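Notes to accompany the following structure.
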Amino acid sequence: MNTFEKTILFTDTDGFARFRTETLPLNEGKPQARLSSLMSSGGYQLRESPVGFRSEFHCSENPQWVFILSGFMEIGLQDGSSRVFGPGEHFYSVDLLPQGASFDAKVHGHWSRQVGQHPLVTLFVRG
């Protein structure tokens with residue numbers, strides 16, 4: 001595999017959150033260990049969400065990678081669809097409030113929740 005699939009949660013031109021996928025080339029390193037280009041980051045945070053956790057609709061405050069370390073995280077969108085991410089999975093969250101907009105919980109953002117019998121542990125890496 002010479003590419004990495006990057007799942008992106010983003011704010012579309014109509015203000016609604018959606019998912020899309022991009023492919024990043026792994027064009028550095030050695031044949032046994034392919035690497036992407038070096039990306040900058042603005043720090044990281046770990047979070048543990050207890051069983052039963054669910055957020056309200058919200059937008060990401062900053063672009064960030066979200067890596068699921070243990071447990072399961074469901075992300076729900078305004079259109080009623082949702083997607084579950086498990087251990088070892090990730091997404092890049094750029095679901096930001098459009099510039100100049102006031103947050104409207106019927107249009108903007110996504111919700112997240114812990115799924116299953118075990119707490120959710122996530123790593124957030126600022127982009």
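The values are calculated or read from the model by the stated rules, or taken from the named source; none is laboratory data. Computed from a prediction, not measured in an experiment: that's the story for all the values here. No Cβ is skipped: glycine too gets one built from the backbone with ideal geometry, and neighbour counts run over all protein chains shown.
Table: residues versus (1) touching a Gly at 6+ places or on another chain (Cβ under 8 Å); (2) within 21 Å of F4 (Cβ to Cβ); (3) at pLDDT 95 or above; (4) not basic (K, R).
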{"site": "L26", "(1), (2), (3), (4)": "no, yes, yes, yes"}
{"site": "Q45", "(1), (2), (3), (4)": "no, no, yes, yes"}
{"site": "V66", "(1), (2), (3), (4)": "no, yes, yes, yes"}
{"site": "I75", "(1), (2), (3), (4)": "no, yes, yes, yes"}
{"site": "Y92", "(1), (2), (3), (4)": "yes, yes, yes, yes"}
{"site": "L96", "(1), (2), (3), (4)": "no, no, yes, yes"}
{"site": "G109", "(1), (2), (3), (4)": "no, no, yes, yes"}
{"site": "G127", "(1), (2), (3), (4)": "yes, yes, no, yes"}
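Inspect all residues belonging to the stretch 47-59 and state whether any of them is among the β-branched types (V, I, T) and assigned to a strand (DSSP E or B).
No, the conditions are met nowhere in the stretch 47-59.
Given F19, F53, which one is under 16 Å from the mean Cα position of the chain (by Cα) and surrounded by 14 or more Cβ atoms within 10 Å (Cβ to Cβ)?
The unique qualifying residue is F19.
If you scan the stretch 1-16, which residues turn out to be in a loop (DSSP other than H, G, I, E, B), of a type outside the set (A, V, I, L, M, F, W, C) and surrounded by 11 or more Cβ atoms within 10 Å (Cβ to Cβ)?
D12, G15
Could you tell me whether the stretch 63-79 includes any residue that is under 15 Å from T122 (Cα atoms), touching a His at 6+ places or on another chain (Cβ under 9 Å) and in a loop (DSSP other than H, G, I, E, B)?
yes
Taking interchain pairs and intrachain pairs at least six residues apart, which have beta carbon atoms under 8 angstrom, with the first residue in the stretch 85-99 and without any contact (Cβ under 8 Å) to a residue 12 or more places away in the chain and the second surrounded by 19 or more Cβ atoms within 10 Å (Cβ to Cβ) and in a strand (DSSP E or B)?
Correct list of pairs: empty, since none qualify.
Might you let me know whether the stretch 98-119 holds any residue that is buried (at least 17 other Cβ atoms within 10 Å of the Cβ), of a type in the set (A, V, I, L, M, F, W, C) and in contact with a strand residue (DSSP E or B) (Cβ under 8 Å, 6 or more places away or on another chain)?
yes
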